[in-house]
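In what follows, a structure is listed as structure tokens, so that the remarks can point back to it.
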Amino acid sequence: MDRQQEFVLRTIEERDVRFVRLWFTDVVGSLKSVALAPAEVEGAFEEGLGFDGSSIEGLARVFESDMLAQPDPATFQILPWRGETEATSRMFCDILTPDGEPSAADPRNVLKRNLAKAADMGFTCYTHPEIEFYLLKSQQPGPDGSPVPVDEGGYFDHVPGGVAQDFRRTAVTMLESVGISVEFSHHEAGPGQNEIDLRYADALQTADNIMTFRTVIKEVALQQGTYATFMPKPFTAHPGSGMHTHFSLFEGDTNAFYEAGAEFQLSETARQFIAGILKHAPEFTAVTNQFVNSYKRLWGGGEAPSYLSWGHNNRSALVRVPLYKPGKGQSARIEYRGIDSAANPYLAYAALLGAGLKGIEEGYQLPAAAEDDIWSLSSAERRAMGHDPLPASLHDAIRTMEDSELMPQILGEQVFEHFLRNKRAEWQDYRLQVTPYELQRNLGIL
């Protein structure tokens, strides 16, 4: 038994932990949880916990249903919202096949495989997400059928006595208590919209942190009599909720994206990484923007990027190179602005990393940076400048992903097929719905 496992077992005993929750996700990123008695934890470390994988979306087919959940002791944390008496803890799990091999269908394993590929190329990947969400008075819509936000605040607004202010303070304290470092938090542009930015961490830890983050945010909201939603675009007239993520690759202690004296201080490695993301972005958009509603955000304005472009400090670009800080080469990074905060972080980060690494492997050439506000250009101007559009709907994104040669390599054939099957079912269900818009627009005149 290793030192981390011993620490977990000792902490469970010392803190009188009564329940140990084992967490993992299905193919679309829904959190799954099974509670383990403390006496069973040591056995789970050694042999894993058996469960029926065929009941979990995308994990196993019926004829290969037996799976094992192997807890990762490095992710052990006490859950503060469960209280101090009869404490509850959690660990993330890796999903294994009965013979102890990593499951090809486990989203966490998909990311680990791509990080291992990066490591083989000499890179460690660090990420820093900016997570947006809306805080609503309740899950129930108002009289007009729209959600009801907790305030009418705007970007960076300080609302005296505001619900969101108290909420953010409690949420950040709780996040810190489960080992998630927060860089800053503020009110976003929409009414009731908030943003909390997590500190840089390696990509696997960040993905685990995002799954915990969503749970913490929802728990704190419920405690305070409100409701938090990560839905990409809950309001027609207000901005959607994105999860802009900063990426950097390090070679040992050296930032591989930094080159002093180069344009925007970007190394050739960084330029090839950006080129890989831009070339393959349409193929992985179904992963980073996986719901019908995601495309209302991408194409609904409010600084959401809709076209393949990059720029230095250009907030209309899909990939932004943040302002370089003199003397801080280690902070060189790129920001992908397309991803929304409802994405499966394991698959989304695997897709972005895999596309970027492909650009490095193949030596992709980066087109010229976009200096203009891309939204203000005409369609003809965008075409002339090579700013092709992202998929306009989930249906378009599915079709583009289906034709991709790279995505099955990044995700693995099993996750690729299960993910597409799930998304096709969602689109089919959506296209059969008669919406309030159609009734309001057509019922009285047709």
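Laboratory data are not the source of any read-out in this text; all were calculated from the coordinates shown. What you are looking at is a predicted structure, and each value in this text was computed from that prediction instead of being measured. Glycine also receives a Cβ, built like all others from the backbone with ideal geometry; neighbour counts cover every protein chain displayed.
Using alpha carbons only, how many angstrom separate the centre of region 417-435 from the centre of region 263-288? Spelled out, the Cα-based centre of one part sits 29 Å from the other.
Packing here is the average count of other Cβ atoms within 10 Å per residue, and on that basis the peptides 348-357, 27-36, 312-321, 268-277, highest first, run 348-357, 268-277, 312-321, 27-36.
Magnitude of the charge dipole for region 97-220, about its Cα centre and with charges confined to Cβ atoms of Lys, Arg (+1) and Asp, Glu (-1), is about 240 debye. Residue ranges 142-149, 289-296 sort as 289-296, 142-149 when ordered by packing (mean number of other C-beta atoms within 10 Å per residue, highest first).
For the pair region 1-30 / region 231-259, the C-alpha centres are spaced 29 Å from each other.
Please name whichever of 276, 213, 294 sits farthest to the positive end of the charge dipole of the chain, dipole taken about the Cα centre and charges placed at Cβ: Lys and Arg +1, Asp and Glu -1. Projecting each Cα onto the dipole axis, the largest value belongs to 294. Largest GNM mean-square fluctuation among 141, 282, 38, using the chain with Cα springs under 10 Å: 141. Just checking the listed ones, 286, 119, 384: in the Gaussian network model of the chain with Cα springs under 10 Å, the one fluctuating most is 384.
Of the residues 350, 266, 416, the one whose Cα sits farthest towards the positive end of the charge dipole of the chain is 266 (charges of +1 on Lys and Arg Cβ, -1 on Asp and Glu Cβ, taken about the Cα centre).
Charging the Cβ of each Asp and Glu at -1 and of each Lys and Arg at +1, and nothing else, the dipole of the chain about its Cα centre rounds to 1060 debye. Largest mean-square fluctuation among 105, 87, 203, in a Gaussian network model of the chain whose springs join Cα atoms under 10 Å apart, belongs to 87.
Checking understanding here: applying a Kyte-Doolittle mean of at least -0.5 and a length along the axis of at least 15 Å (C-alpha), which whole DSSP H helices in the chain pass? Helices meeting the span and hydropathy rule in the chain are 163-177, 203-223, 268-288, 345-362.
Average 1/r across all pairs of distinct alpha carbons in the chain, invert it, and you get the Kirkwood radius: 23.0 Å.
Distance cut-off 19 Å, Cα to Cα: go down the list 112/233; 296/423; 112/358; 32/218; 112/423; 137/218 and report the pairs above it. Pairs exceeding 19 Å: 112/233; 112/423. With unit charges on the beta carbons (Lys and Arg positive, Asp and Glu negative) and the dipole taken about the Cα centre of the chain, which residue among 377, 359, 240 sits farthest to the positive side? Going by the charge dipole, the pick is 377.
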